[in-house]
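Enquirer: Below are the structure tokens for one structure; questions will follow.
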Amino acid sequence: MNIKIKSADEIIKMRSAGHAAMKVLKMIEPSVRAGITTDELNTICHDYIVNDLKAIPAPLNYQGFPKSICTSLNHVICHGIPSERKLKKSDIINIDVTVIKDGYHGDCSKMFGVGKVGVLEQRLMRVSHECMVKGIEMVKPGVSLGDIGHAIQVHAEKNGFSIVREYCGHGIGKDFHESPQVLHYGTPGTGLVLQEGMTFTIEPMVNAGRKEARILADGWTVVTRDHKASAQWEHTVLVTKDGYEALTCLPGDEL
Ligand code: MF3
Ligand code: CO
Ligand code: CO
């Protein structure tokens, strides 16, 4: 477990990569409409990342992943592959964007509802966002990863939802996935104690039903075993002297 503490110069590059990743999510929002395919969303994001941001879409060819973003619909937990599937009213979709800018990664994702979304799905999207925010707001030197995971888990379960165990947040920097693993469940006062200069993601996956997951035959798409809906939000976070900075949050925006 080698956790890289980022220098001031590296933090500037991480912030630039983080802002670029969030710009992609902002850019794509008006296109997330009934009738568009997830592959069309992928193409729009890819072209924007390469041509406008002069950055690299990190997922493309990452361990063989075939596309530039992840699109995870309804009961897909994460790592959905953009395809010919058209969005339709009442779908919920997570779009996960990771870019490499000047050698550093920025990783973030958010949920979108297509047209009018069911009451349960709306609540799932809201509660999963609250889980991420509660986790991020705890970040400061001296706090442990177990404290953060516990707070996220308690909030999800209090609302009758479950936390996916097989996937977690991660250190991030020159590499897409660095140490430590950031679990979205846990026991207070256990695990790594945060220090200034650490950078990692917080990206809870919250299931409407049971926590169990399985991977489809494509080797990537992770779905809920009970086929109930799942939602996820993600930011890249820096531990500062006395708190946190969400590196994928644009100036003036809320988490
Ligand atoms: N962006 C995802 C994460 O949050 C990882 C996607 S890996 C890919 O860690 F290969 F599926 F793109
Ligand atoms: Co991530
Ligand atoms: Co991501």
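The values are calculated or read from the model by the stated rules, or taken from the named source; none is laboratory data. All figures in this text were calculated on a predicted structure; none of them were measured in a lab. With ideal geometry, Cβ positions are generated from the backbone for all residues, glycine too; neighbour counts draw on all protein chains shown.
Enquirer: Under 9 Å between Cβ atoms, which residue pairs at least 6 apart in sequence (or on different chains) link something in the range 158-172 that is in contact (Cβ under 8 Å) with a residue 40 or more places away in the chain and among the small types (G, A, S) with a partner that is surrounded by fewer than 21 Cβ atoms within 10 Å (Cβ to Cβ) and in a strand (DSSP E or B)?
Expert: What qualifies is G169/P180; G169/Q181; G171/E178; G171/S179; G171/P180; G171/Q181.
Enquirer: Name, by its number, the condition in (1) at pLDDT 95 or above; (2) away from ligand 2 (no atom under 16 Å from the Cβ); (3) surrounded by fewer than 18 Cβ atoms within 10 Å (Cβ to Cβ) that does not hold for Y62.
Expert: (2)
Yes or no, residue by residue, for (1) touching a His at 6+ places or on another chain (Cβ under 6 Å); (2) under 28 Å from A17 (Cβ atoms); (3) assigned to a strand (DSSP E or B):
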position: G191; (1), (2), (3): no, yes, no
position: E196; (1), (2), (3): no, yes, no
position: V206; (1), (2), (3): no, yes, yes
position: G209; (1), (2), (3): no, no, no
position: A217; (1), (2), (3): no, no, no
position: D226; (1), (2), (3): no, no, no
position: V237; (1), (2), (3): no, yes, yes
position: K241; (1), (2), (3): no, yes, no
position: L255; (1), (2), (3): no, yes, no
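Enquirer: In the set G80, G115, G106, which member is away from ligand 1 (no atom under 16 Å from the Cβ) and either closer than 23 Å to K23 by Cα or surrounded by 19 or more Cβ atoms within 10 Å (Cβ to Cβ) (or both)?
Expert: Just one listed residue meets the conditions, G115.
One line per residue, one yes/no per condition, for (1) within 14 Å of ligand 1 (Cβ to nearest atom); (2) at positive phi; (3) touching a residue at least 24 places away in the same chain (Cβ under 8 Å):
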{"site": "H177", "(1), (2), (3)": "yes, no, no"}
{"site": "L183", "(1), (2), (3)": "yes, no, yes"}
{"site": "G189", "(1), (2), (3)": "no, yes, yes"}
{"site": "V193", "(1), (2), (3)": "no, no, yes"}
{"site": "E203", "(1), (2), (3)": "yes, no, yes"}
{"site": "V206", "(1), (2), (3)": "no, no, yes"}
{"site": "G209", "(1), (2), (3)": "no, no, yes"}
{"site": "D218", "(1), (2), (3)": "yes, no, yes"}
{"site": "T221", "(1), (2), (3)": "yes, no, yes"}
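Enquirer: For the range 70-97, which positions are within 16 Å of ligand 2 (Cβ to nearest atom) and without any contact (Cβ under 8 Å) to a residue 40 or more places away in the chain?
Expert: The answer is C70, T71.
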